[in-house]
Protein chains: 2
Amino acid sequence: MTDQKQHRTEISRLGEFGLIKVLTNRFKNINASTIKAVGDDAAVIDTGNKYTLVTTDLMAEGIHFDLMYCPLKHLGYKSVVVNLSDIYAMNGIPRQVTVSLAISSKFSVEALEELYEGVRLACEQYNVDLVGGDTSSSVKGLFISVTAIGEVDKDKVTYRSTAREGDLLCVSGDLGGAYLGLQLLEREKRIFLENPQVQPDLENQQYLIGRQLKPEARKDIVELLAEKGILPTSMIDVSDGLSSDLLHICTQSNVGCRLYEADIPISQEGNEQALKFNLDPTACALSGGEDYELLFTIKKEDRKKLENEWDFSVIGDIVKNEMGVKLLSKGGKLHDVTAQGWDALRKVSEL
Amino acid sequence: MTDQKQHRTEISRLGEFGLIKVLTNRFKNINASTIKAVGDDAAVIDTGNKYTLVTTDLMAEGIHFDLMYCPLKHLGYKSVVVNLSDIYAMNGIPRQVTVSLAISSKFSVEALEELYEGVRLACEQYNVDLVGGDTSSSVKGLFISVTAIGEVDKDKVTYRSTAREGDLLCVSGDLGGAYLGLQLLEREKRIFLENPQVQPDLENQQYLIGRQLKPEARKDIVELLAEKGILPTSMIDVSDGLSSDLLHICTQSNVGCRLYEADIPISQEGNEQALKFNLDPTACALSGGEDYELLFTIKKEDRKKLENEWDFSVIGDIVKNEMGVKLLSKGGKLHDVTAQGWDALRKVSEL
């Protein structure tokens, strides 16, 4: 037998989802209350009358955010919102969050107050209570680890794994904006680093910048669906990019999909900015990530219930697994959809 | 009015608990299910028939652990156990954990497998399920953020704030060992750095080293108390040191305490090693921290129910608030008990 310690497999070879698989495949769940463990937007725990949902996200300076252009208040807000988004993606209602920080000595109390003001605003906006956390030092960099706790009626929980052939694929809002906002901020940062005298030119793109720095979770969509009496057959939030997140639904549901490029919602601002950057707007929507929209499937017959609703789009059809996950381009060609979404681990190899 | 941004207050001026107070005092809880938010070992959430407990701890490389002498498997184990300890300190039963990592590129997949093997062993040992997490990059250093979820009968939850005059103060196991184990490891690290040829001399102190590198949570004490029909009037786990954690109980319960030095449990190994290091064994117990024993108060009349139990000690009496929190030394003198426990934020100023 070879000594395992002699081997060194780079994490970048596996990617985030491959790594999670390797690390968690030896775990067995033994508590009856554990309904769903790793593999969805949130864990599902049976706490009696309802299910309790738990999700956690860790944001690291230099990987997920850059303090050169990300104000601490926005960062605090976003760190909570991205977790609430995961609770909504289970069709749940978030109720509590914990916020843990690791901070280097460069941060003052006043800086942390700014960050917590953002946390507080998010809590207020989404009716969520801060119930705990941990505050520690970091040798270098700022780390924020947030856990959100929510609840959902047992017959209303929506998983990634339950889309069925014939369902319609829908998405809320528009896609690609957060990525384009990031490109604008990164460009201005580069210019500033080269010449600090140059004033930043964000081209009046408040919408795209806002999508990146202060995303919102789609509480309203979950409420709308409930109000219209629609229970999505599956749901996920678009955090890694439409391609990657759609593939999660399809792989876990064992189905294929026809995604229609012409129907993918892209804002006018996003469209224009993509072209200015010489980027394909559709590629930004597919691979950009961080839009925190909800991607969900509904039964065909539910479509009419949403007829007059403007802030969501039907963008595809769920088909047989054998038909694969494909994009029908505006030009009428079929392309494979591949996961090229944002992978926080990919940056490891770039450092 | 002065511009707040002009001020810079160093975090080290406030300490961890002062900082938490400043950061959280503007938060208001609005959900009826939030029974207890910040300020105890775990948050308490009303989920119907029972309370759900949630606690989270973040461990940072170079602050909480040193990979020069902390094997990754032990680290994974400890990162889970310290959270479970907080659930037990609420008289609860842990059921689930989430584990988030931020990792720099120096870690291989094999190294992370080691870490997760420790996580798995802790889950197995304490009948807990891994239900989620997040895996991300870090520009520098390893960060582990664990959240534990547990449950407790509504009439059995034990807070820090409910000790009453006349109660007896008890602690499980012995104290100071984890700190002395750390001193041994730190000494050998210094020697190694000076001369890598010298073999480490851990003086056969497996017990103390084990207390530091592989602590256990006192599941057995929670079970014992239940079995004997004892509901502690208050409880906390000893993570920051006996002084600091006793002060949490006394301050939050609005009571004083007489702590008897002669009754503070210290292992023979701990006692001997402290003297070798020219340290006062009592000071190690009071300020060392990381022992993860349970510190709790019981009604006087419950003492007889524990008569034949060996692994806990009665170490003090809860008295009127006005009498203060004092240590009666072996020499018969009264000393103020002050919080000098381990404060992860104090290291900020040392970096």
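Within segment B:291-310, the residues that satisfy the criterion of being modelled with pLDDT under 90 and closer than 20 Å to B:A262 by Cβ are B:L306, B:E307, B:E309, B:W310. On inspection, A:D336 qualifies as surrounded by fewer than 17 Cβ atoms within 10 Å (Cβ to Cβ), closer than 14 Å to A:S243 by Cα, modelled with pLDDT of 85 or more and among the charged types (D, E, K, R). Scanning segment B:309-341 for residues that are assigned to a loop (DSSP other than H, G, I, E, B) and touching a residue at least 40 places away in the same chain (Cβ under 8 Å) gives B:E309, B:D311, B:K320, B:G324, B:S329, B:K330, B:V337, B:T338, B:A339, B:Q340, B:G341. Which one is modelled with the lowest pLDDT, of the residues in segment B:225-242 that are surrounded by 24 or more Cβ atoms within 10 Å (Cβ to Cβ) and under 24 Å from B:E322 (Cα atoms)? Among those that are surrounded by 24 or more Cβ atoms within 10 Å (Cβ to Cβ) and under 24 Å from B:E322 (Cα atoms), it is B:G241. Looking at (1) more than 10 Å from chain B (Cβ to nearest Cβ); (2) more than 26 Å from A:A102 (Cα to Cα); (3) of a type outside the set (D, E, K, R), can you tell me which one A:N29 breaks? Every condition holds for A:N29 apart from (1). Filtered by the rule that a residue be facing chain A (nearest Cβ under 7 Å), surrounded by fewer than 21 Cβ atoms within 10 Å (Cβ to Cβ) and in contact (Cβ under 8 Å) with a residue 40 or more places away in the chain, segment B:98-119 gives no residues.
Within segment B:5-26, if we keep just the residues that are more than 7 Å from chain A (Cβ to nearest Cβ) and charged (D, E, K, R), the residue that is farthest from B:S145 (Cα to Cα) turns out to be B:R13. Being of a type in the set (S, T, Y), touching a Ser or Thr at 6+ places or on another chain (Cβ under 8 Å), facing chain A (nearest Cβ under 8 Å) and surrounded by fewer than 24 Cβ atoms within 10 Å (Cβ to Cβ) is the requirement here; does B:S145 meet it? Spelling it out, it is not the case that B:S145 is of a type in the set (S, T, Y), touching a Ser or Thr at 6+ places or on another chain (Cβ under 8 Å), facing chain A (nearest Cβ under 8 Å) and surrounded by fewer than 24 Cβ atoms within 10 Å (Cβ to Cβ). Out of all the residues in segment B:43-70, which are more than 7 Å from chain A (Cβ to nearest Cβ), under 30 Å from A:V128 (Cα atoms) and aliphatic (A, V, I, L, M)? Matches in segment B:43-70: B:V44, B:L53, B:M59. Could you list all residues from segment B:3-54 that are part of a strand (DSSP E or B) and either touching a Lys or Arg at 6+ places or on another chain (Cβ under 6 Å) or not β-branched (V, I, T) (or both)? Residues satisfying the conditions are B:E10, B:K36, B:A43, B:V44, B:D46, B:K50, B:Y51, B:L53. Selection of segment A:70-89 for residues being more than 17 Å from A:A102 (Cβ to Cβ) and among the hydroxyl-bearing types (S, T, Y) yields A:Y77, A:S85, A:Y88.
Kindly indicate whether B:K73 is more than 7 Å from every other protein chain (Cβ to nearest Cβ), surrounded by 19 or more Cβ atoms within 10 Å (Cβ to Cβ) and among the basic types (K, R). Walk me through how you get there before you give the answer.
Working: more than 7 Å from every other protein chain (Cβ to nearest Cβ): yes; surrounded by 19 or more Cβ atoms within 10 Å (Cβ to Cβ): yes; among the basic types (K, R): yes.
Here the answer is yes, as B:K73 does meet what is asked.
Every test in (1) at pLDDT 95 or above; (2) at the interface with chain B (Cβ under 7 Å from one of its Cβ atoms); (3) surrounded by fewer than 23 Cβ atoms within 10 Å (Cβ to Cβ) is passed by A:V152 save one, and that test is (2).
Put simply, of B:G210, B:G176, B:G181 the only residue that is touching a Cys at 6+ places or on another chain (Cβ under 8 Å) and not assigned by TED's automatic domain parsing to the domain that holds B:Y77 is B:G176.
The values are calculated or read from the model by the stated rules, or taken from the named source; none is laboratory data. If you're wondering where the values come from, they're calculated on a predicted model, not measured in any experiment. Ideal geometry is used to build each Cβ from the backbone, glycine not excepted, and the neighbour counts take in all protein chains shown.
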